[in-house]
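The values are calculated or read from the model by the stated rules, or taken from the named source; none is laboratory data. Quick caveat, the model's predicted, so the values are computed rather than measured. Positions of Cβ are generated from backbone atoms using ideal geometry, with glycine treated the same way; all protein chains shown enter the neighbour counts.
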Amino acid sequence: MSSNLAVSTSRLCLCSCLALFACSDDSSTDASSTAGTESSASTGGDELSSEGDSSGEGDSSGEGDSSGDGDSTGEDDSTSDSDGDSDSTSEGEEPPAPLELPPSDPPIDVPEGVLFSADLSCGPHPENVFDVFLPASDTPTALVVFIHGGGFTGGDKSSAYSGQASNIAAWLDAGVAFATINYRLLEDVDTEGVIKPLGDSRYCLQFMRYHADSLNIDEDRVAAYGGSAGAGTSLWLATHDDMADAASEDPVARESTRLRAAGALETQATYDVVRWEEVFEPYGLTVADMVMAGLEQRLLSFYGMDDISQLDEPAIVDYRADVDMLALMDGADAPLWILSDNQPEDPPLDISLLFHHPYHARTVMDRALAVGLEQVSYIPVLGIEDQSGIEIVEYFISKLE
């Protein structure tokens, strides 16, 4: 699709409204999760924003190399089943040293026997840390990973404790481990772009798989979910071909990145923002409109660009393709649980609605249906309610068995 930068006068009103919000302080969006997550769950802000909201209940808030620096090229074309089959160590390879898991007081009520360990390092940067809840078990357990929202500019792993406490407890009751992770955020002017936080989340997932024995987890039974930025990250991990780098000198980078299931709450359809022209086709919204509305620097930082004219250059086209979850998706990917119940079906006249519009979720659902990928979707404002009524806790448990 061309990112035509000519703006038609028929959309000047839309641009003007967006511009007012682009110039103002961005506010987070409350994503009430009535179909399987706790109510008043904030999505954590705007995906392209230069300011993020680090608060919010249920904040379900990645070009670099595949080494241990937490970046990812995403250029490995190898495929894998959605089971994410992977051995934590290759044949003949020395197993990793035991991972130290100092016990901490859990921030929420948990079942008896659960070990909680906080701020475990999973990469070379200070932001690369995670918390983990490990149920007592004689056999390896499944794992659910929570990725916080915040527009890739804010948010924290601790947001899981205010909005996801009952879900965490339910998974632990079922013998499923739970982890919540942090990642590096985008700067106002960022030279790496969204692949930086995406890659950090990917590497943390691989780190946990590499240390499966210490964590007593089954690396073949892992699901991930989040809201807003965390939803998009989970969707990216679920749809991307396996990013395991078999040739890497870093054993962590050799681990699989595939999932058994993914959850996307108030998601974006794709991080190829040019394709948002398809998402918002009923409103005639274009990239040019976003630029005119004052979002140019946010677009530049999202791809590490210096000038908007680079958007159609081959390197950036490749970059966009590597974060285009719609194009990456196929029928062999992890099944999806999708929720969008926080925003109205209105023209995207403010930033929050632009990034969390129900049309994003519907576009993901439609693409899954087109490629034959299992999905369960709840988008009530569009009259979309999966007949099963299954909530995310039960859905993940069923996929992690």
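Some observations on this one:
- Meets criteria (touching a Lys or Arg at 6+ places or on another chain (Cβ under 9 Å) and either crowded, with 24+ Cβ neighbours inside 10 Å or of a type in the set (D, E) (or both)) for Y183: yes
- Lone qualifier among R258, R254 - being crowded, with 17+ Cβ neighbours inside 10 Å and touching a Gly at 6+ places or on another chain (Cβ under 7 Å): R258
- Condition check for S137: over 19 Å from the mean Cα position of the chain (by Cα), surrounded by fewer than 18 Cβ atoms within 10 Å (Cβ to Cβ) and closer than 21 Å to S214 by Cα: yes
- Whether a residue is under 24 Å from G150 (Cα atoms) and in contact with a Ser or Thr (Cβ under 7 Å, 6 or more places away or on another chain) was assessed, and R298 passes this test.
- Index of the failed condition, L295 passing every other in (1) assigned to a loop (DSSP other than H, G, I, E, B); (2) of a type outside the set (K, R); (3) surrounded by 24 or more Cβ atoms within 10 Å (Cβ to Cβ); (4) more than 19 Å from the chain's Cα centre (by Cα): (1)
- Qualifying residue in region 168-182 (condition: touching a Leu at 6+ places or on another chain (Cβ under 9 Å) and either modelled with pLDDT under 95 or on the phi > 0 side of the Ramachandran plot (or both)): no
- Positions within region 140-150 being part of a loop (DSSP other than H, G, I, E, B) and closer than 18 Å to E266 by Cβ, in sequence order: H148, G149, G150
- Set side by side, the residues L186, L120 differ, and just one is over 30 Å from S352 (Cβ atoms) and touching a strand residue (DSSP E or B) at 6+ places or on another chain (Cβ under 9 Å), which is L120.
- Selection status of T153, touching a strand residue (DSSP E or B) at 6+ places or on another chain (Cβ under 8 Å), farther than 22 Å from A261 by Cα and either β-branched (V, I, T) or assigned to a strand (DSSP E or B) (or both): yes
- Subset of region 186-221 (residues that are surrounded by fewer than 24 Cβ atoms within 10 Å (Cβ to Cβ), of a type in the set (S, T, Y) and in contact with a Leu (Cβ under 9 Å, 6 or more places away or on another chain)): S214
- Restricting region 162-180 to residues that are touching a Ser or Thr at 6+ places or on another chain (Cβ under 7 Å) and hydrophobic (A, V, I, L, M, F, W, C), the residue that is surrounded by the most Cβ atoms within 10 Å (Cβ to Cβ): A177
- On the stretch given as region 339-377, residues that are in a loop (DSSP other than H, G, I, E, B) and over 18 Å from G284 (Cα atoms) total 7.
- Set V114, V129: member being in contact with a Pro (Cβ under 6 Å, 6 or more places away or on another chain), modelled with pLDDT of 95 or more and within 20 Å of H211 (Cβ to Cβ): V114
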